[in-house]
1. Hey, does segment 170-189 have a residue that's assigned to a strand (DSSP E or B), acidic (Asp, Glu), more than 29 Å from ALA296 (Cβ to Cβ) and out of contact with any Leu (no Cβ under 9 Å at 6 or more places or on another chain)?
2. Among the residues of segment 283-294, is any closer than 30 Å to ARG198 by Cβ and under 15 Å from the mean Cα position of the chain (by Cα)?
3. Looking for something in contact with a helix residue (DSSP H, G or I) (Cβ under 6 Å, 6 or more places away or on another chain) and more than 27 Å from ASP304 (Cβ to Cβ) - is there at least one such residue anywhere in segment 30-52?
4. Could you grab me the full set of residues in segment 273-311 that are hydrophobic (A, V, I, L, M, F, W, C) and part of a loop (DSSP other than H, G, I, E, B)?
5. List every residue pair whose Cβ atoms lie under 8 Å apart, where the two residues are 6 or more positions apart in sequence or sit on different chains, the first residue falls within segment 14-38 and is without any contact (Cβ under 8 Å) to a residue 12 or more places away in the chain, and the second residue, located anywhere, is assigned to a loop (DSSP other than H, G, I, E, B) and surrounded by 13 or more Cβ atoms within 10 Å (Cβ to Cβ).
6. Within segment 36-75, track down each residue that is part of a loop (DSSP other than H, G, I, E, B), surrounded by fewer than 22 Cβ atoms within 10 Å (Cβ to Cβ) and touching a Phe, Trp or Tyr at 6+ places or on another chain (Cβ under 9 Å).
7. Could you tell me how many of the residues in segment 188-224 are free of Cβ contacts under 8 Å to residues at least 40 places away in the same chain and either buried (at least 24 other Cβ atoms within 10 Å of the Cβ) or of a type in the set (Val, Ile, Thr) (or both)?
Amino acid sequence: MRFLLDDQQRDFVRALDALLAASDTPAVARAWARGDAAPGQALQLRLADAGVFALAVPEEFDGVGLLPVETALAFEQLGRHAVPGPAVETVASAVLLAELGEPALAKNWLPRLASGQASASLQLSPAPNAASSPFSSPWALDTDSTDVVLLVRGDELFLAAPSGAGLASLDPTRRLFAVEPTGPAVAAGPHVRAAAERAGRWAALATAAQSLGVGRALLEQTVAYVGQRRQFGTVIGSFQAVKHRLADALLALEFAQPLVHAAALSLDPVDIAMAKVAAGEAGYTAARTALQLHGAIGYTEELDLSLGLRKSRPLRDAWGAPAACRALVLAANRTGARA
């Protein structure tokens, strides 16, 4: 497969990169980690104005249609700039509501999600004794700062609320909550499970793209650092061992990117599983390389590098853990089955 971005897609990426570069996202992320959601919500509105959330909303609900390629491009930039908040969950919730075929729910929430006037969190849980999809989540993210929390259990969709205090994450900008229904199911039937499966694929794709962006940012910061840091009177970037570590990280990212693009084009679960594994491992490889080559300062929270370092592992495991994604790919290879 040969994949090239068209002019409109490249312009979109450049515009989003410029918007985020001018938004002081490290300060936004640190505020979010302290529990101050206001800067993050203001950034959410700017992202919505740029069309990020409308990419997962049909036109009849004030979106621009379901555009997974553009969504992946957008989320790579969100990862590159360490944007906090439940952006993945908001997009996945929009896909769930768009695919559900429940007009009242769609009309109530989709225009607000597209415009950035509301955000959403989502927990997808399989029915008891049912085979679980790798693209599920046992937790809902940042429910203390979202406008609606959706919970899918098997064939039922509920509005939900946190059932207790949030759990700590390696990434302080990610607050994880277990949720419980606040009332009876708002939708039930096989169509709920089908819509949830579709939403899970989008969540996994967006998370893979975020991992890719995080990895690229970490690599760029590390290349800049080793080009300045001197040891024994020599720039450490000239050391062969340092070059090899950087090259390994770059190759992992370069091999992962076309898999992410291919998954966005097909939305096939096997393609998404491969992209999720490759991008997650590439981002984590870049994080380990960055930490080692920055030496002791890599451990300091004051350094912006720490924002990406602490995102890489949670993103690798969110919305499709490596083992579950590999199992899906192996099963498909054995049976020759594709969805």
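1. No: zero hits.
2. Yes: one or more hits.
3. No; the residues of segment 30-52 include none that is in contact with a helix residue (DSSP H, G or I) (Cβ under 6 Å, 6 or more places away or on another chain) and more than 27 Å from ASP304 (Cβ to Cβ).
4. So in segment 273-311, the residues hydrophobic (A, V, I, L, M, F, W, C) come out as 273-275, 277-279, 282, 286-287, 290-291, 293, 296-297, 303, 305, 307, 309.
Listed by number, the list holds a single entry, LEU303.
5. Within 8 Å, the pairs are ALA31/ALA37.
6. Selection gives ALA50, GLY51.
7. Counting residues in segment 188-224 that are free of Cβ contacts under 8 Å to residues at least 40 places away in the same chain and either buried (at least 24 other Cβ atoms within 10 Å of the Cβ) or of a type in the set (Val, Ile, Thr) (or both) gives 1.
Matching residues to (1) modelled with pLDDT under 95; (2) in contact with a Cys (Cβ under 9 Å, 6 or more places away or on another chain); (3) of a type in the set (Ser, Thr, Tyr); (4) surrounded by fewer than 20 Cβ atoms within 10 Å (Cβ to Cβ):
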site: TRP109; (1), (2), (3), (4): no, no, no, no
site: SER119; (1), (2), (3), (4): no, no, yes, no
site: ALA130; (1), (2), (3), (4): yes, no, no, yes
site: ASP144; (1), (2), (3), (4): yes, no, no, yes
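The values are calculated or read from the model by the stated rules, or taken from the named source; none is laboratory data. Treat the numbers as computed from the prediction; the structure is a model and nothing was measured. When we count neighbours, we look across all protein chains shown, and the Cβ atoms used for this are built from the backbone with ideal geometry, even at glycine.
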